[in-house]
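**Q** The structure's right below; bear with me while I get my questions together.
Read-outs: derived from the displayed coordinates by stated rules, not from any lab. It should be emphasised that the depicted structure is a prediction, and the values quoted were computed from it without experimental measurement. Cβ atoms come from the backbone with ideal geometry, glycine included; neighbour counts cover every protein chain shown.
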Amino acid sequence: MSLLVPVHLPADVLPGGLAEFSGHLDAAPPAPAGDYVLRAETGAEPRACVSPLLKGLNILRESRTGGVPRLWLGSAWTREFYLHLHRLIRGLPAPRCIVLSPPRIADCPTLVEFLALYRPLEAELARRRPGTRLLLENRCAETPDEPQFLVARIQDLVGLARAVDSQGLTLALALNLPQLFRAHFGEKPPTARQVEEVLTSLRSCAPAVAALRPLADPDGLFGSPELTRAALVRLREILSDGRRRHLLPADHPEPAAGMAALRRAGFTAASEAQTPTP
């Protein structure tokens, strides 16, 4: 069975439910009514970087290209990134999870370099905010002209999971389904064989997947309801290990089609009070 614990946008969360708050460089401190997830800077959109929370964090403020923040630029960047997160949630209960984004390859070209920068962040948060789980979400460049992210395709996720395990780190994966399939197929509908190749590779890192972000328009992406169902049933089979995982809000204002497709494929909603399995 594959159990998903729903996470909602703050405006949609019900009493006792989980909400995902933005934690990007322009974000205001969250105002959770209960347990919450924090989504840190994605490095995908321009930011003004004038928040008082960034006072004195000059590397974060100045490390932008066309207004878009650059991520994981060095040890000093990591320290300022931690300080921004600390200020953002100061005085609040610890978030259940913090969702991180990877660097672009041009800024940090290898997983070895990325994990060397990431390790101090994990250690500091474990000391200051024990119980908060760190997740890395795969990202894909929006256009072929943009620099690609370090963790975009399935082989990147598999390599990251293996490296995290070998180094004794606790970083888990947040599987962004639309970003993953865009990284592999672009805007063209894939064949059934192409989808199977991607999903079969996912099996080796499935235990590291702690969250999913759903598709907004599954039939549009896969090209037919039949391939949508076959792909999501296969995904459910791969993730049917008894673990509870977060189902994060879709990156789309109309998420109903993606949510319905997951239900038809056999994904089951777990109680929001149930903590996903480490």
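**Q** Just the C-alpha atoms of the stretch 1-155: what Rg/Rh do they give, with Rh taken as the Kirkwood radius? Mind showing how you got there, number by number?
**A** Values: Rg = 15.6 Å, Rh = 16.3 Å.
Rg/Rh: 0.96.
**Q** Calculate log10 I(q)/I(0) of the stretch 1-84 for q = 0.11, 0.13, 0.25 Å⁻¹, where I(q) comes from the Debye formula with a single equal point scatterer on each Cα and nothing for solvent.
**A** These q points yield log10 I(q)/I(0) values of -0.37, -0.50, -1.15.
**Q** Amide H neighbours of Leu175 under 5 Å, counting only residues 5+ apart in sequence or on other chains, H built in-plane at 1.01 Å?
**A** Ala210, Ala211, Leu212, Arg213
**Q** Report Rg/Rh for the chain, rounded to two decimals, where Rg is the Cα radius of gyration and Rh the Kirkwood radius.
**A** When Rh is taken as the Kirkwood radius, the ratio is 0.94.
**Q** Would you mind checking the tilt of helix 154-166 against the longest principal axis of the Cα atoms of the chain, expressed as 0 to 90 degrees and rounded to 10?
**A** 60 degrees
**Q** Here's another thing I want to ask about it. Can you tally the net charge around Thr200? Count Lys and Arg as +1, Asp and Glu as -1, for every other residue whose Cβ sits under 13 Å from the Cβ of Thr200.
**A** 0
**Q** Helix 75-88 against the longest principal axis of the chain: what's the angle in degrees, Cα atoms only, rounded to the nearest 10?
**A** Relative to the chain, helix 75-88 is tipped by roughly 80 degrees.
**Q** Please state the relative contact order of the stretch 3-269 as a whole percent: Cα pairs under 8 Å, 6+ residues apart?
**A** Dividing the mean separation by the residue count of the stretch 3-269 yields 18 percent.
**Q** Mind pulling the angle between the C-alpha long axis of helix 111-128 and the longest principal axis of the chain? Nearest 10 degrees, somewhere in 0 to 90.
**A** It is inclined by approximately 70 degrees.
**Q** Which whole-number percent is the relative contact order of the stretch 121-214 (Cα, under 8 Å, 6+ apart)? Mind dumping the intermediate values first?
**A** Details: 107 pairs, mean separation 31.6, N = 94.
Averaging sequence separation for qualifying contacts and normalising by length gives 34 percent for the stretch 121-214.
**Q** Counting only other residues whose beta carbon sits under 12 Å from that of Asn138, what net charge do I get with K and R as +1, D and E as -1?
**A** That works out to +2.
**Q** Equivalent-ellipsoid semi-axes (√(5λ), Cα gyration tensor) for the stretch 192-232, whole Å, largest first?
**A** Working through the eigenvalues yields semi-axes of 20, 14, 6 Å.
**Q** If you line up the Cα atoms of the stretch 117-270 on their principal axes, what length do they span on each, largest first, in Å?
**A** Here the spans come out as 48, 40, 30 Å, largest first.
**Q** Among DSSP beta bridges lying fully in the chain, give the percent that are antiparallel, nearest 5.
**A** 10 percent
**Q** Provide the convex hull volume over Cα atoms per residue for the stretch 183-259, in Å³. Mind dumping the intermediate values first?
**A** Working: hull volume 7.5 nm³, N = 77.
Roughly 97 Å³ of hull volume per residue.
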